[in-house]
Amino acid sequence: MSYLIKLIALDLDNTLLNSNKEISEQNATTLKKLHNDGFKVVLCTGRPINAVWNYVEQLNLLQPDDYTVTFNGGMVIRNIDKKVLFQDSLSLNDFKLLHDFANQNSLPLDILDFKQVYSLVDLVQSDYKEVLNANLKFVSASFNDLPDQKYSKAIMSASSKKLDDVRRDMPDIIKNNYHIVRSQPQIMEFLKPGVNKANGLERLLEKLNFNFSNLMTFGDAENDIEMLKVAKIGVVMDNAKTDIKKIGDDITLDHDQDGVAYYLKKYFK
């Protein structure tokens with residue numbers, strides 16, 4: 001019943017992007033053909049729009065009703081004019097609890113507004129800039145010097161084992177005040193409770209007069225769980241961990257084997 005699918009939502013890192021952070025020719029050609037045939041193709045990322053703009057342009061997602069879900073569902077933005085359809089935010093004060101936790105446990109922290117990253121120099125030095133490797137502005141600042149404005153999320157970047165240990169020993173007060181997800185093995189994200197890719201996609205589907213029965217999603221990581229669950233068809237990459245694979249409706253080849261293109265060609269043959 002492939003005609004029921006109207007919108008294809010794709011995570012980027014380790015899903016649509018290969019290990020070189022590139023959209024392969026095979027993936028790009030397949031998605032552009034589907035887009036030209038009338039399907040909505042939506043990138044779903046933890047990054048802001050400017051940090052993924054090269055991918056938007058590569059796929060030519062520049063029609064008046066083309067959108068991107070950014071900040072893991074915290075913002076939905078229209079590509080062509082950067083108009084915000086939906087935004088959910090945190091205040092600076094919302095991060096005080098997390099900053100104190102990071103300080104007490106010698107952990108790094110980066111805080112993002114909706115345009116740039118603030119690397120907190122009053123904490124352990126962060127390697128988020130190197131790990132992310134994206135077109136994104138980084139500003140060094142102390143927590144107490146940050147402007148009182150709207151923020152999207154906080155990031156803790158460290159080795160996979162270190163983040164495993166942090167997650168295991170994290171106190172309930174931190175767990176209960178943030179939606180915590182791993183977007184990559186070396187990146188843990190702290191979002192406003194209720195913010196996730198499925199929530200952002202729901203706002204977009206409503207705008208386009210679709211619903212979850214019209215949705216196909218591709219993902220590989222913890223921050224993709226909600227959108228994999230709610231979609232009519234949630235497709236998990238073969239490079240995902242076993243617990244993520246159990247959540248999806250189907251599994252495709254890994255991100256270095258054009259898994260997105262492989263599945264779409266098979267499904268829409």
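Observations on the structure shown:
- In segment 49-56 there is at least one residue matching the filter, namely being at pLDDT 95 or above, touching a strand residue (DSSP E or B) at 6+ places or on another chain (Cβ under 9 Å), of a type outside the set (Gly, Ala, Ser) and under 20 Å from LEU215 (Cα atoms).
- Take the conditions (1) over 17 Å from the mean Cα position of the chain (by Cα); (2) under 30 Å from ILE173 (Cβ atoms); GLN63 misses just one of them, which is (2).
- Residue ID - least open to solvent (accessible area, probe 1.4 Å), chosen from residues in segment 170-204 that are among the charged types (D, E, K, R) and more than 14 Å from LEU90 (Cα to Cα): LYS197
- Residue match in segment 145-154 (condition: among the aliphatic types (A, V, I, L, M) and at pLDDT 95 or above): yes
- Being touching a residue at least 40 places away in the same chain (Cβ under 8 Å) and either under 26 Å from GLY248 (Cβ atoms) or among the aromatic types (Phe, Trp, Tyr) (or both) holds for only one residue in ARG167, ARG182, and it is ARG182.
- Filter result for SER159 (more than 15 Å from ARG47 (Cα to Cα), open to solvent by 10 Å² or more (accessible area, probe 1.4 Å) and out of contact with any Lys or Arg (no Cβ under 9 Å at 6 or more places or on another chain)): yes
- Which listed residue, of ASN214, ASN239, is touching a His at 6+ places or on another chain (Cβ under 7 Å) and surrounded by 15 or more Cβ atoms within 10 Å (Cβ to Cβ): ASN239
- Criterion (acidic (Asp, Glu), at pLDDT 95 or above and over 27 Å from GLY74 (Cα atoms)) met by exactly one of ASP220, ASP224, ASP258: ASP258
- Candidate set: segment 8-27, residues that are hydrophobic (A, V, I, L, M, F, W, C) and over 14 Å from the mean Cα position of the chain (by Cα); chosen: the one nearest to VAL235 (Cα to Cα): ILE8
- Of everything in segment 98-131 that is buried (at least 16 other Cβ atoms within 10 Å of the Cβ) and in contact (Cβ under 8 Å) with a residue 60 or more places away in the chain, the residue that is farthest from ASN18 (Cα to Cα) is PHE101.
- Look at segment 255-269: where a residue is more than 10 Å from ASP238 (Cβ to Cβ) and a partner is open to solvent by less than 40 Å² (accessible area, probe 1.4 Å) and in a loop (DSSP other than H, G, I, E, B), sitting 6+ places away or on another chain with Cβ atoms under 6 Å, you get ASP258/SER24.
- Selection within segment 7-43: residues that are hydroxyl-bearing (Ser, Thr, Tyr) and in a loop (DSSP other than H, G, I, E, B). The member of this set that is least open to solvent (accessible area, probe 1.4 Å) is SER24.
- Scanning segment 44-92 for residues that are buried (at least 20 other Cβ atoms within 10 Å of the Cβ), hydroxyl-bearing (Ser, Thr, Tyr) and either more than 18 Å from GLY219 (Cα to Cα) or in contact with a Leu (Cβ under 8 Å, 6 or more places away or on another chain) (or both) turns up THR45, TYR55, TYR67, THR68.
- Counting only helices (runs of 4 or more DSSP H) that sit completely within segment 44-155, those holding 1 or more residues that are under 30 Å from ALA28 (Cα atoms) correspond to 53-58, 128-132.
- Test: ASN209 is at positive phi and polar (S, T, N, Q): yes
- Annotation: THR70 fulfils all but one of (1) more than 20 Å from MET170 (Cα to Cα); (2) polar (S, T, N, Q); (3) more than 18 Å from the chain's Cα centre (by Cα); the unmet one is (3).
The values are calculated or read from the model by the stated rules, or taken from the named source; none is laboratory data. What you see is a predicted model, and the numbers here were worked out from it, not measured in a lab. Glycine gets a Cβ as well: all are built from the backbone with ideal geometry, and neighbour counts include every protein chain shown. Just the protein is used for accessible areas: all its heavy atoms, side chains included, with ligands, DNA and RNA removed. Shrake-Rupley method; radii C 1.70, N 1.55, O 1.52, S 1.80 Å.
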